[in-house]
Each structure stands twice: as C-alpha cells, then as structure tokens.
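The values are calculated or read from the model by the stated rules, or taken from the named source; none is laboratory data. The structure presented is a predicted model; accordingly, all values stated were derived computationally and were not measured. Note that we place each Cβ from the backbone using ideal geometry, even for glycine, and neighbour counts take in every protein chain shown.
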Amino acid sequence: MDQYQHQLDRTFLALGDPTRRAVLRRLGRGAASVSDLAAPFEMALPSFIKHIRFLEESGLIRTQKQGRVRTCTLDKVRLAAAESWLAEQRTLWEERTDRLEQFVTSFQETGQES
C-alpha cells in the first residue's frame, strides 16, 4: 500500500502542473519528440526537459532515444491507477451525499407531520 500511495502522490503532483498536463494531453493523441512537445511553450529547452523528466520519473510517460531524437509516449497504466482512485473517491462521496439526502428528506417529512 505504501508504494501504491507513493506512486499516486507522484502522479497527482505531476498532474498539478499545467505544462505537464498539456504534454500528457498532447501525448494522448500519440507519440511525439521532445522538441515537438516543447514547441508550443515559451521556455528554454532545458527547463522543458525537467518537465519531461518529472513525467517519466512519475511513470506517466516513457521516453526512447533513437539517434539524436528522444520520443515520448504516454504510459496509460499509471493514469488508469489515478482514474481508479478517483472513481473510488467519487463512489465514496456519492454514497455520503445520498445518505445526507435521505437524512434531510426524512427530517423534512417528520417535521411536516408535526
């Protein structure tokens, strides 16, 4: 459970940055080189590569170097783990709000009978 929690923490930390989210969104359409991914951003390539490294260390992307070109691909397994955690949380909160709604409804009904 500790390793799972650590991976989840890294995933959400990676998703917390708008540049990294944009990179993941772009990689959702298919593999791309680091230079292609960096093109829309107004930052120096070394700064952008830090984002790529963070995404790779988080397990959200994989990179492969062929010659001078480093290509990035999305690793959907780690995203699926985050999605699963969010689904668990959504279910938990829906159950809680359903119970609250039942409580309020029953309270209103008993209050109207008096």
- Count of residues meeting criterion [over 19 Å from Ala81 (Cβ atoms) and either among the basic types (Lys, Arg) or within 16 Å of the chain's Cα centre (by Cα) (or both)] in the range 19-53: 8
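Per-residue answers, yes or no, for (1) at pLDDT 95 or above; (2) assigned to a helix (DSSP H, G or I); (3) touching a Gly at 6+ places or on another chain (Cβ under 8 Å):
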residue	(1), (2), (3)
Asp9	no, yes, no
Arg21	yes, yes, no
Leu24	yes, yes, no
Gly30	yes, no, no
Ser35	yes, yes, no
Phe48	yes, yes, no
- Message: For the condition over 19 Å from the mean Cα position of the chain (by Cα) and assigned to a helix (DSSP H, G or I), what is the one hit in Glu95, Glu56, Glu88?
- Response: Glu95
- Query: When you go through Glu42, Glu83 one by one, which is the residue that is of a type in the set (D, E, K, R) and part of a helix (DSSP H, G or I)?
  - Reply: Glu83
- Note on the structure: Pairs returned, first residue in the range 62-86 that is of a type in the set (A, V, I, L, M, F, W, C), second residue that is assigned to a helix (DSSP H, G or I) and surrounded by fewer than 12 Cβ atoms within 10 Å (Cβ to Cβ), beta-carbon separation under 8 angstrom, 6 or more apart or interchain, are Ala81/Tyr4
